[in-house]
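Here's the structure we're looking at; comments come further down.
The values are calculated or read from the model by the stated rules, or taken from the named source; none is laboratory data. Keep in mind the model is a prediction, meaning the values are calculated, not measured. Neighbour counts run over all protein chains shown; Cβ positions are idealised from the backbone, glycine included.
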């Protein structure tokens, strides 16, 4: 497994990205929530205004179904956010290694590369969210020094869906 | 009370910085603020901005006792070179946000800060700021807006829930984690070399 390769995602990786996104959603018992398509991923990641960046992990020894190229076996999707108190942050949106490839240090190497990229881009922190039921992931991160801000400082995540956004944005102007 | 919401200009960074500190004091975390107005200017008003910001202003006759006004000066009413600032208006609130991405649903907007000075609350200014963030999000085809609130901050919790916000920490168990400072540096030093 020390022969796996980490690199930046390219447009051709989009089908593999969607496959892995769905596998991660299934792992989190939320696979019916993935409504993104390959077209969305292509436009949103590789268009004029990228909304995300992506790293992929490949196993060059495997053969894919269509040709003899390497198989993408893991990915990390991230983007840059902003904390008005400390400045730029790297936000890790998704991070997944296929089940059969876990336990070989691939996830660790991805995390270290992301951290290196964060520091190089002048980010003070790398943030992400984890479901409290996902003990394996929480332990993985805590072993490496992650702090749980929801427990330590009491932060709660909220969302407002599009229908409520539309209602808000069409409200009376002062 | 009449108020206006507009996009922030780089000249507003001193005022934004002042209000960021006021919000941090309200959240009992003032010692955590490390950014200066120069950092805000560099990070929000360069060719590749890391955030966008909206400002709420009221006419000068409503300015606070300590005379809060554009660019932190005690006299109000001058026009900036950019022409974007309104003469005779005082900055009383802001909303800072950026675009994020959900691998399940696509483009999202994250509202990082929403703040209205205490003397100007209860007049619809917070609602007005947030409505504008929502409008910008919808225009950019975002499917949702996300934000975070401290669990003890009941006025804010009530404000957002009234607008349709759902607590995903309570409902789905999501926790915020981070690698910060030394822990981030330690990981970075072990990264595979190119």
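Taking into account only those residues within segment B:145-166 that are within 27 Å of residue A:40 (Cα to Cα) and more than 17 Å from the chain's Cα centre (by Cα), which is surrounded by the most Cβ atoms within 10 Å (Cβ to Cβ)? Selected residue: B:165. Out of all the residues in segment B:1-42, which are more than 9 Å from chain A (Cβ to nearest Cβ), without any contact (Cβ under 8 Å) to a residue 24 or more places away in the chain and in a loop (DSSP other than H, G, I, E, B)? Selection gives B:28, B:36. Checking each residue in segment B:148-165 for being facing another protein chain (nearest Cβ under 7 Å), touching a helix residue (DSSP H, G or I) at 6+ places or on another chain (Cβ under 9 Å) and outside any helix (DSSP H, G or I) picks out B:148, B:149, B:150, B:151, B:163, B:164, B:165. For segment A:67-88, the set of residues classified as out of contact with any strand residue (DSSP E or B) (no Cβ under 8 Å at 6 or more places or on another chain), outside any strand (DSSP E or B) and within 14 Å of chain B (Cβ to nearest Cβ) consists of A:85 only.
You will find that of B:131, B:170, the residue that is at pLDDT 90 or above, within 9 Å of another protein chain (Cβ to nearest Cβ), under 21 Å from residue A:129 (Cα atoms) and part of a helix (DSSP H, G or I) is B:170 and no other. For segment B:99-119, the count of residues that are surrounded by fewer than 17 Cβ atoms within 10 Å (Cβ to Cβ) and more than 21 Å from residue A:84 (Cα to Cα) is at least one. Number of residues in segment A:94-116 that are over 14 Å from residue A:141 (Cα atoms) and within 8 Å of another protein chain (Cβ to nearest Cβ): the value is 2.
Looking at segment A:89-174, the helices (runs of 4 or more DSSP H) lying wholly inside it that each contain 2 or more residues that are farther than 22 Å from residue A:57 by Cβ and free of Cβ contacts under 8 Å to residues at least 12 places away in the same chain sit at A:135-143, A:149-153, A:162-169. Quick check on my filter: what residues within segment A:133-143 are at pLDDT below 90, facing chain B (nearest Cβ under 7 Å) and either within 17 Å of residue B:181 (Cβ to Cβ) or surrounded by 15 or more Cβ atoms within 10 Å (Cβ to Cβ) (or both)? Those that are at pLDDT below 90, facing chain B (nearest Cβ under 7 Å) and either within 17 Å of residue B:181 (Cβ to Cβ) or surrounded by 15 or more Cβ atoms within 10 Å (Cβ to Cβ) (or both): none in segment A:133-143.
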